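Report on the following structure.
Quick note: the coordinates plus some simple rules give every number you see, no bench work behind them. Being a predicted model, the structure only gives us computed values, none of them experimental. Cβ placement follows ideal geometry from the backbone for every residue including glycine, while neighbour counts extend to all protein chains displayed.
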Amino acid sequence: MDSIAILFRKSPYGSVFVIEGIRIATAMTAYDLETHAIFCDDAVFALMKNQDSTQLGMPSLEPSIKNLPRFDVKMYCVKEAMEERMIHEEDLLEIDGLKVASHAEISEILERVDTAITV
Amino acid sequence: MNIAILCMTTPYTFGQTETMLNFIDAAMKKGHEITGVYFYMDGVLNNNKNITPSDKKEKNIATLIKEIVEKGVPVSSCPICAEYRGVKDESLLIDQTSFEGLAYLTELVMDSDRLLAFTI
């Protein structure tokens, strides 16, 4: 297989799924697998600006998320998930190449990749 | 078909491990090859030879994993996930399994026709 999509579905900080999905995504690029990181459902919160996890006693996910394009991970934030949560594009982190994509566009990506992992 | 398996959930709390093992059994009987099983996140808790259900009628996950290893399926666990969960100890691992980093999972994905992930 040459390509993979990692579907992020869970909210950040409440569990380790987002950071573990980021680990998987970066590992896949080490062998030049075409890697897509798709943030949908509550995972869209992981892409919001001004995250402050200080009171949780946990490191912020922002640096790890912002680093993904450096590993050639293509990033998407699902439009319908944003709308359901009243998140606007200007609320998102400024990440090079981050694309707000509709369900239809995401379906095309999932159709094209060889496999997908949901976290 | 060559199939890679990723397991991310704990034994007994969720039924995913048992489903995974049933799938592996059925796939191998149909002639498919299981290129490897990778335990990740809480899934590393499956790879423990000391698993002992107190209800003897309950299936022993460790025994079932040992059986697929004996059939030639490579089984490994993420060492970092194991470290976080206090189980990064080779003496705990089911015989003939190992700790392997995420690069190993990437290689499994590259060498397989399909990846099946058991998660929540």
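Listing for the model above:
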| item | result |
| --- | --- |
| Cα gyration tensor category, rounded, prolate or oblate, for chain B with a/c compared to 1.5 | oblate |
| Packing-based exposure ordering (other Cβ within 10 Å, fewest first) of A:Asp72, B:Asp95 | B:Asp95, A:Asp72 |
| Relative contact order (%) - chain A, alpha-carbon pairs under 8 angstrom, separation at least six | 36 percent |
| Rule-of-thumb Rg ratio for region A:52-119 [Cα; 2.2 N^0.38 Å; N residues] | 1.27 |
| Interchain or long-range residues, amide H under 5 Å from A:Ile6's placed H | A:His36, A:Ala37, A:Ile38, A:Ile117 |
| Kirkwood hydrodynamic radius of region B:57-120, from inverse mean 1/r over distinct Cα pairs, in Å | 13.3 Å |
| Cβ-based net charge around B:Ala103, under 14 Å, with every Lys or Arg adding one and every Asp or Glu removing one | -3 |
| Filter on A:Lys66/B:Lys88; A:Lys10/B:Lys71; B:Lys29/B:Lys56 - keep pairs with C-alpha separation over 32 Å | A:Lys10/B:Lys71 |
| Rounded FRET efficiency, nearest 0.05, which uses the C-beta distance separating B:Met28 from B:Val87 and R0 of 25 Å | 0.35 |
| Ranked list, fewest to most other Cβ atoms within 10 Å of each Cβ, for A:Arg112, B:Arg114 | A:Arg112, B:Arg114 |
| Convex hull projection area averaged over all views, the protein assembly as shown, Cα basis, nm² | 14.0 nm² |
